[in-house]
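Everything below concerns the one structure shown next.
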Amino acid sequence: MTTQQLHEQILLKKSFLCVGLDPDLTKIPPHLLETEDPIFEFNKAIIDATHDLAVGYKPNTAFFEAYGIKGWLSLQKTINYINENFPEIFTIADAKRGDIGNTSSMYAKAFFEDLNFDSVTVAPYMGKDSVEPFLAFENKHTIMLALTSNEGAFDFQTLTTNGKELYKQVLETSKTWKNSHNLMYVVGATKAEYFADIRKIVPDSFLLVPGIGAQGGSLSEVCKYGMNDKVGLLVNSARAIIYASKGTDFAEKAREEALSVQQEMEGILNLKFQV
Ligand SMILES: O=c1ccn([C@@H]2O[C@H](COP(=O)(O)O)[C@@H](O)[C@H]2O)c(=O)[nH]1
């Protein structure tokens, strides 16, 4: 999917919501545990209930890898289900990969070719040759951690080296890499006050923004400082939506939560773009 197509979906659905698919067998409704593949059944129900309100889904691979081969198969079934039934939806493998070049190439093949995700998250720590193998895939997107939503972001990312905060250096340097037009960046919703500075460095890039909902970030603050003239934001919420209920009504309740976020987004888009 191209960023232009993603932008069109945002305007069509009046939404820049990305639903995080973080299935945890201890949290999903007990009645699903009796099915053959509880994780897939859970994801499928959430997707069926929210696909008209969201422009993206972000399975975090940790929640699948934790269950070994069965979990990986559930991930494969989930991405196939989205691609076959809702090909207009942008998919993100939140895997936070990155290694020496030849290894990164294999990670890129796994997520872009074998699983056919539109994008994958990567860590910038190993530098240019660890990220460029992902960027080589045209119309696939590499979403690099810039300023994360957690408290530990302040351990390294905001430290100043050579007169500049590390996350700013990451943003600036990555723009010089080959095929950098395929880059997007992760910026946490809990760091809304940093968005204005980030937009000075990457005015046109899409930002994947986790941290509203369970982590308490403010959607309106993120939009105030982070939205560009093409919207440029994919705002993720997982637990607040997918675990809205543990009962047989879990999908209905997930829809209600997603709808409330979508409606807030629609209000913001109406104000800014008169869509
Ligand atoms: O900075 C980051 C990067 C990734 N995440 C991931 O996003 C979701 C957030 O889930 P919630 O339940 O909405 O808090 C989860 O998969 C994280 O691993 C992040 O939170 N912050």
Original post:
Which of (1) touching a Ser or Thr at 6+ places or on another chain (Cβ under 8 Å); (2) within 15 Å of the ligand (Cβ to nearest atom); (3) not in a helix (DSSP H, G or I) is the odd one out, the single condition Leu75 does not satisfy?
Top reply: (3)
**OP:** For residues that are closer than 14 Å to Phe111 by Cα and free of Cβ contacts under 8 Å to residues at least 60 places away in the same chain, scanning just region 34-61, find the one that is nearest to the chain's Cα centre (by Cα).
**Re:** Pro59
Original post:
Asp99 passes all but one of (1) over 18 Å from the mean Cα position of the chain (by Cα); (2) assigned to a helix (DSSP H, G or I); (3) surrounded by 15 or more Cβ atoms within 10 Å (Cβ to Cβ); which number fails?
Top reply: (2)
Subject >> Residues of region 121-147 satisfying the condition of being of a type outside the set (Val, Ile, Thr) and within 16 Å of the ligand (Cβ to nearest atom) >> reply: Ala123, Pro124, Tyr125, His141, Met144, Leu145, Ala146, Leu147
Original post:
Which of the residues spanning region 182-214 are assigned to a helix (DSSP H, G or I), within 15 Å of the ligand (Cβ to nearest atom) and out of contact with any Gly (no Cβ under 9 Å at 6 or more places or on another chain)?
Top reply: Ala214
Subject >> Members of region 91-120 found to be within 15 Å of the ligand (Cβ to nearest atom) and closer than 19 Å to Ala54 by Cα, listed by number >> reply: Thr91, Ile92, Ala93, Asp94, Phe117, Ser119, Val120
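Each reported figure results from applying straightforward, stated rules to the coordinates on display, with no laboratory input. Given the structure is predicted, the values throughout are model-derived calculations rather than measurements. Virtual Cβ from ideal backbone geometry, glycine too; neighbours counted across all protein chains shown.
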